[in-house]
Amino acid sequence: MKTVVLVLCFSLNVLLLVSGSVRTCANLDYFSFLRRNRDLNAFILDIIENIGIVECATECKLRNKCKSSSFQHSSGKCKLFGITIQQAGNSVVTQTGTDMSDELDWPSRIAGPCEKHSCSIYEVCKPTSRYSKKCVKAYCPSPPTVNDGQPAFTTTYQTKKVGSKLSYSCDFNFHPVGNRTCLPDGTWSNFKCVFGHCPIDDGYILLQNVCIKEDSDKKRVDEARAKCNQSGDRLVVLDTEKKNEFVSVYVDRTIGPAWYIIGLSDVQTEGAFVWEDGSVVTFSKWRPGEPNDLRGKEDCVVLKSQIKSWVDIRCTLSLKYICEKLL
């Protein structure tokens, strides 16, 4: 009977998923092992959205590290845990509409060809046909520590998944080199904090690992760019909210509120703003109503330091500017 119910349940799950209705079986009473209206918000190995209850149990079977799972019927949200329900103890909480079960509660045959897999704890078993399977890297081990830097993230199930990118704050006078990403082969890409010299004696300031220099001698954008380039610098690239914040605060408090030329323009293609390093804009801080390309002649950008926002301008205007030295 249990086998028949499992097959029926799986079929119903597929139909319900297609219809967008509640993702549950017709009669859950057959699954006496379910811990009804229970959930766990710790020891999460992974979360999978929009699947059915049998599929949720199957996902647990496909991972050697998974010991239990919970399933929310209204949303199809499946949580996978690295411990059993008994091991979780008092961490198990009441959650209406969410049921928990141990991996061993379910018959192993629901995993199909992955019924007896030997994938590592960093892999997921993937069926490739009715009788074959393969192990696919899905997780990385805990990220290694970084000398002279601190993690700017909290370790969760998401930080260990393939494709996750981690951020770090390097110590004073150190700057980031590389990036820390969980690669498809289950290893972390190289990242380190390297000591870099910011020539403070030449008028530069080191802010949050960014070496900048403001020049109050007003110039046109092309002249400002050339002046920065003469020292091996570039017009400052404010490509993150954090960087935009601390550069704005510094120049506004130390030098005074003004419009400062930054390394952003849409000279090549109207409306397609590109930074000095060739990267497209992913973070923006435009003043309300900007960019407005007044009379079709505003292709360059300034930072209005007092409000930490950007305004598009004519490239022929002569203004203060900020250079950035790459460490």
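Please treat every number below as a calculation from the coordinates, not as lab data. The shown structure was predicted, so the numbers you read here are calculated from the model rather than taken from an experiment. When we count neighbours, we look across all protein chains shown, and the Cβ atoms used for this are built from the backbone with ideal geometry, even at glycine.
Legend: distances between Cα atoms for Lys192/Lys308; Lys243/Lys308; Lys243/Lys297; pairs beyond 18 Å are Lys192/Lys308; Lys243/Lys297.
Residues Asp105, Asp277, Asp233, arranged from fewest to most other Cβ atoms within 10 angstrom of their Cβ, appear as Asp277, Asp105, Asp233. Please state the shape class of region 58-175: rounded when a/c is under 1.5, otherwise prolate if a/b exceeds b/c and oblate if not, all from the C-alpha gyration tensor. Oblate is the answer for region 58-175, as a/c is 1.5 or above yet b/c matches or exceeds a/b. Restricting to the chain, compute how many DSSP beta bridges are antiparallel as a %, nearest 5. Looking only at bridges with both residues in the chain, the antiparallel portion is about 95 percent. Computed from phi, the 3J(HN,Hα) profile of region 33-39 under the Karplus parametrisation 6.51, -1.76, 1.60 (θ = phi - 60°) reads 7, 5, 8, 5, 6, 10, 8 Hz, with x in place of Gly and Pro.
Ignoring lysines fewer than eight residues from Lys77 along the same chain, the ones with Cα atoms less than 18 angstrom from its Cα are Lys61, Lys67, Lys161. Size check on the chain: the Cα extents along the three principal axes, sorted descending, read 84, 46, 40 Å.
Starting from the Cα-Cα distance between Ser216 and Trp286, subtract it from 0.36 nm times their residue separation and give me the gain in nm to one decimal.
On the way: separation 70, 0.36 × 70 = 25.20 nm, distance 2.30 nm.
Between Ser216 and Trp286, full extension yields an extra 22.9 nm.
Give me the Kirkwood hydrodynamic radius of region 196-274, using the inverse of the mean 1/r over all pairs of distinct Cα atoms, in Å to one decimal. Don't jump to the answer; show the numbers that get you there.
On the way: mean 1/r = 0.0731 Å⁻¹.
After inverting the pairwise mean of 1/r, the radius is 13.7 Å.
The smallest convex shape that holds all Cα atoms of region 149-195, its convex hull, gives 54 Å³ per residue. Bridgeable aspartates and glutamates around Lys134 (alpha carbons under 13 Å apart, same-chain partners fewer than 8 residues away excluded): Glu115, Glu123. Approximating the spin labels as points 7 Å out from Cα along Cα→Cβ, the Leu183-to-Thr128 distance works out to 2.2 nm. Once the Cβ-Cβ distance between Ser231 and Asn190 is put in as r, and R0 is 41 Å, what FRET efficiency do you end up with, to the nearest 0.05? Calculated value: 0.90. Here is what passes the span test in the chain: the DSSP H helices with alpha carbon length of 15 Å or more along the helix axis and a Kyte-Doolittle mean of 0.0 or above are 2-19.
Which FRET efficiency value, to the nearest 0.05, is calculated for Leu104 and Asp29 with the Förster distance at 22 angstrom and r the Cβ-Cβ distance? Each step should come with its number before you reach the end.
Values: r = 20 Å, r/R0 = 0.93.
About 0.60, to the nearest 0.05.
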